[in-house]
Amino acid sequence: MAGEALIVIDLQNDFCPGGALAVVGGDEIVPLVNDLIRHADHVVMTQDWHPAGHSSFASSHAGRQPFETIDMPYGPQTLWPDHCIQGSAGSDFHSGLAWTKAELVIRKGFRAAIDSYSAFFENDHKTPTGLAGYLRERGIGAVTFAGLATDFCVAYSALDAVTQGFEATVRLDACRGIDLNGSVEAMLKRMREAGVRLV
Ligand code: VGL
Ligand code: ZN
């Protein structure tokens with residue numbers, strides 16, 4: 001399969017400075033991501049897209065604080081501040097992002113009972129988003145990731161891309177991380193060991 005796609009992960013207001021779950025320097029990557037978009041053959045965007053009261057929000061669990069971990073039926077889940085609520089200003093892409101060229105916007109995290117970091121599977125690692133089938137049907141065999149956050153949605157997307165048989169590259173200069181308890185280093189190691197190209 002010859003085609004290649006750029007996948008821009010969650011470059012939304014709530015993950016940028018001033019947003020509900022701000023990633024340090026999240027907005028700094030916008031010019032570089034715009035360059036990557038300009039040079040890409042195919043562009044796919046993901047958009048974190050939660051209903052109000054989503055189960056990944058600490059506010060949905062009495063006595064819980066953001067960044068704690070709880071056990072969900074599908075495994076451990078980090079709790080987050082309310083963010084990327086469907087249709088809110090925080091859920092919009094960063095206003096400087098030149099995403100007109102995007103051929104697909106894939107929304108994730110829209111089921112109230114389950115979070116979805118990866119662009120390919122929800123956090124049960126079973127429920128597909130449909131992205132793998134979309135890419136395969138279009139003959140796209142290699143994917144490059146940029147966006148937010150390095151250690152969550154970018155990393156889980158890249159790991160799933162490899163298990164789904166895609167050649168996966170992460171442009172670290174076009175990503176920024178949340179870094180909870182060393183999660184950036186841990187996820188870089190996992191990606192490297194899985195065969196993700198980190199550049
Ligand atoms: C993300 C936490 C919660 C991300 C999304 O885009 O990395 N992180 N929802
Ligand atoms: Zn989220």
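Determine whether segment 73-93 contains at least one residue that is of a type in the set (Asp, Glu) and within 16 Å of ligand 2 (Cβ to nearest atom).
Yes, segment 73-93 contains at least one residue that is of a type in the set (Asp, Glu) and within 16 Å of ligand 2 (Cβ to nearest atom).
Please specify each residue of segment 56-71 satisfying the condition of being touching an Asp or Glu at 6+ places or on another chain (Cβ under 8 Å) and surrounded by fewer than 19 Cβ atoms within 10 Å (Cβ to Cβ).
Residues satisfying the conditions are ALA58, SER59.
Which numbered condition trips up SER59, out of (1) among the small types (Gly, Ala, Ser); (2) away from ligand 2 (no atom under 12 Å from the Cβ); (3) in contact (Cβ under 8 Å) with a residue 40 or more places away in the chain?
All conditions pass for SER59, except number (3).
Within segment 165-177, work out how many residues are crowded, with 22+ Cβ neighbours inside 10 Å and either free of Cβ contacts under 8 Å to residues at least 60 places away in the same chain or hydrophobic (A, V, I, L, M, F, W, C) (or both). I'd like the intermediate steps shown before the answer.
First pass over segment 165-177, keeping only residues crowded, with 22+ Cβ neighbours inside 10 Å: 166, 168, 170, 174-177.
Pick out the ones that are also either free of Cβ contacts under 8 Å to residues at least 60 places away in the same chain or hydrophobic (A, V, I, L, M, F, W, C) (or both) and you get 166, 168, 170, 174-175.
Final tally of qualifying residues: 5.
Return the residues of segment 117-173 that are in contact with a Ser or Thr (Cβ under 9 Å, 6 or more places away or on another chain) and at positive phi; say none if nothing qualifies.
HIS125, GLY147 - these are the residues of segment 117-173 that are in contact with a Ser or Thr (Cβ under 9 Å, 6 or more places away or on another chain) and at positive phi.
Give, as residue ranges, the strands (runs of 3 or more DSSP E) completely inside segment 54-154 that count at least 2 residues that are within 22 Å of ALA174 (Cα to Cα).
Working: elements: 69-72, 75-78, 104-108, 140-148.
Those strands (runs of 3 or more DSSP E) span 104-108, 140-148.
So ALA142 fits all but one of (1) touching an Asp or Glu at 6+ places or on another chain (Cβ under 6 Å); (2) under 19 Å from CYS16 (Cα atoms); (3) away from ligand 1 (no atom under 14 Å from the Cβ); what number is the exception?
That leaves (2) as the condition not met.
All of the numbers you see were taken from the coordinates with simple rules; none came from a lab. Note that the coordinates shown come from a computational prediction; the quantities given were computed from them, not determined experimentally. Every residue, glycine among them, receives a Cβ derived from its backbone with ideal geometry; neighbour counts consider all protein chains shown.
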